[in-house]
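Worksheet for the structure shown next.
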Amino acid sequence: MAEDRVFRNHPSVILRNVVSACLFIGLMVLLNIGSMAEGEEGGWEIYVLVVLVAVAAVVAILSFYFWRKTTYTFTSEEIIIRVDTTFKKENRIQYSKLASVNVRRNIFNHLFGTSMLMFNVNSSVNAQAAEGALTLRKDVADRLRDELNSMIFQKEITLDEDLQIPTAIHISNLDVILHGFLAQPTVSSIFGLLATIYAIVMIFMGSSGGIISALFLFFIGEVIPIVTSILKYYNYRIYRVDDTITIECGMINNYRSSFKINKVNSVRIREPLLARAFHMATLEAEVVGLAGEEAIPILCPLKRKSEVEALFRNITPEFCDDDMAPIHQPRAALVPLIIGQGLLAVVVVPLLFMLYRVLFVELSEYDGFIADLVSFGIIAAILVSILLMVGYVGLAQSHRMFARGEDLFLFVHGSFDLNTEYIMYDKVQCTCVTSGLIARRFGLSRCTVNLMSSMGFKQVVSGYFGTEDLESVGDEVVARIRDGRYDYRRFY
């Protein structure tokens, strides 16, 4: 950049902060409206209105103060973020350290014609949030992003030209809706099912408080993740130009994220249980230098597994190695798996039986139908728990695999939800091979691989395999450093 330029956030951020604060207070009021109405004979609505006005005024004043005192200066070499309040703060982001400049547009941005630029650096110290976020008028933000991208990705391509590049795979909005329902982890689906059953029981028992609690848990654990996923990945497209991958998506909030392939540490084909029943999968990546909601980018929402594998070879060919020969988890691994689940059953089943005895006493005053319903539910929970443990052992033994290639290795891990993880040796921080008392008698171990990721650090744990086979992963990492095959300059 030829000369220093100074920006402030668009004034609409003040209104956004005020509205967000008022919505939060309003939600608190709705959750406690019953107790407020009972505790006051009348006129409580006036108090609520006064509180909302006071909160809006205080937030508006503070937001204006911070807006006025916060500046973003773009020099020829770095971004300087200054907060000149009582507690002064200065953050310098060198362009050479920038990993990406992502664009986000929420409902406020659409209303005021603005865009939020998010500056992410090559570290995971602050993975939950970008190192800087600047809201500008959309045309100004687009020009600034084009300039920064030309320095980060060494390519002279504008946003308008980017929009003309076709997507690497067609993702319909129906695919996105299926992704929202079927791509949820099995644990989340089970939690939602239990909340639904709990709500039904509370309805029969006539407990309004229990119904509200159950519905709250159901919305938090099941409805909100599904709706959030659909809204986020609506209108999805992905493409690659040279060594840069770009993802665009969003119905209300628009997301646009770009990153270099050399920032990708691993690529994962994820198959939740429900999706696997329909031969479907998703494609994900672990990337250093992204933050916030885009920290673990989805390279492909739920599609047929064959299409996901084709996109994997097309969009990230660096992680493909057809010469790898996967080996399945040996039969001897059944022993530590069965013993582990058996110990879990010794804890879970007695706890459920104790719960049954307690509820049986508590429900003695209700009619026979309610008591029978709860009894049936507890007995069903015991049987389902045992079936889940047996299923865990069977699925884990059937699907877990391990393979080594020239530049990367493969772990297929999980049980109900399967993850096929392709990891580069040069991106491994450390490995830890552990062998328990039972597994050691059969010459088996498990390998924990630690990687840098957008969320701080990532651990990938293998199944049970031969100890020497798993130790070869760490040996190969060290060997590549010693003989010069590892070159850190390729990743910067």
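Reported count of residues in the stretch 420-440, each being free of Cβ contacts under 8 Å to residues at least 40 places away in the same chain, part of a strand (DSSP E or B) and of a type in the set (A, V, I, L, M, F, W, C), is 1. Going by what's in this entry, would Ile370 be described as of a type in the set (A, V, I, L, M), crowded, with 16+ Cβ neighbours inside 10 Å, at pLDDT below 95 and part of a helix (DSSP H, G or I)? Spelling it out, it is not the case that Ile370 is of a type in the set (A, V, I, L, M), crowded, with 16+ Cβ neighbours inside 10 Å, at pLDDT below 95 and part of a helix (DSSP H, G or I). On inspection, Arg404 does not qualify as open to solvent by less than 20 Å² (accessible area, probe 1.4 Å) and closer than 30 Å to Asn265 by Cβ.
Looking only at the stretch 87-101, which residues are aromatic (Phe, Trp, Tyr) and closer than 18 Å to Ser76 by Cβ? Tyr95 - this is the single residue of the stretch 87-101 that is aromatic (Phe, Trp, Tyr) and closer than 18 Å to Ser76 by Cβ. Out of Leu470, Leu395, Leu410, one residue alone is outside any strand (DSSP E or B) and within 23 Å of Leu273 (Cα to Cα). It is Leu395. Within the stretch 479-492, count every residue that is assigned to a helix (DSSP H, G or I), within 31 Å of the chain's Cα centre (by Cα) and surrounded by fewer than 13 Cβ atoms within 10 Å (Cβ to Cβ). Result for the stretch 479-492: 3. Taken over the stretch 266-291, the residue count meeting the criterion of being open to solvent by less than 10 Å² (accessible area, probe 1.4 Å) and on the phi < 0 side of the Ramachandran plot is 13. When residues in the stretch 68-90 are screened for being open to solvent by less than 50 Å² (accessible area, probe 1.4 Å) and either in a helix (DSSP H, G or I) or not acidic (Asp, Glu) (or both), 11 of them pass.
So that you can scan it fast, the table gives a plain yes or no per residue for (1) modelled with pLDDT of 85 or more; (2) part of a loop (DSSP other than H, G, I, E, B); (3) open to solvent by 60 Å² or more (accessible area, probe 1.4 Å); (4) of a type in the set (S, T, N, Q):
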site	(1), (2), (3), (4)
Glu293	no, no, yes, no
Phe312	yes, no, no, no
Val335	yes, no, no, no
Gln341	yes, no, no, yes
Ala345	yes, no, no, no
Val390	yes, no, yes, no
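Exactly one residue out of Val101, Val29, Val83, Val51 is modelled with pLDDT of 75 or more and more than 19 Å from Gly132 (Cβ to Cβ): that is Val51.
If you check Gly206, Gly250, Gly210 for being more than 14 Å from the chain's Cα centre (by Cα), open to solvent by less than 40 Å² (accessible area, probe 1.4 Å) and modelled with pLDDT under 85, only one passes: Gly210.
Annotation for the stretch 313-320: at least one member residue is under 29 Å from Asn173 (Cα atoms) and among the aliphatic types (A, V, I, L, M).
The values are calculated or read from the model by the stated rules, or taken from the named source; none is laboratory data. No experiment lies behind these values; they were computed from the predicted model shown. Methodologically, a virtual Cβ is constructed for each residue, glycine included, from the backbone with ideal geometry; neighbour enumeration extends over all protein chains shown. We work out accessible area using only protein heavy atoms, side chains counted, and drop any ligands, DNA or RNA first. Shrake-Rupley method; radii C 1.70, N 1.55, O 1.52, S 1.80 Å.
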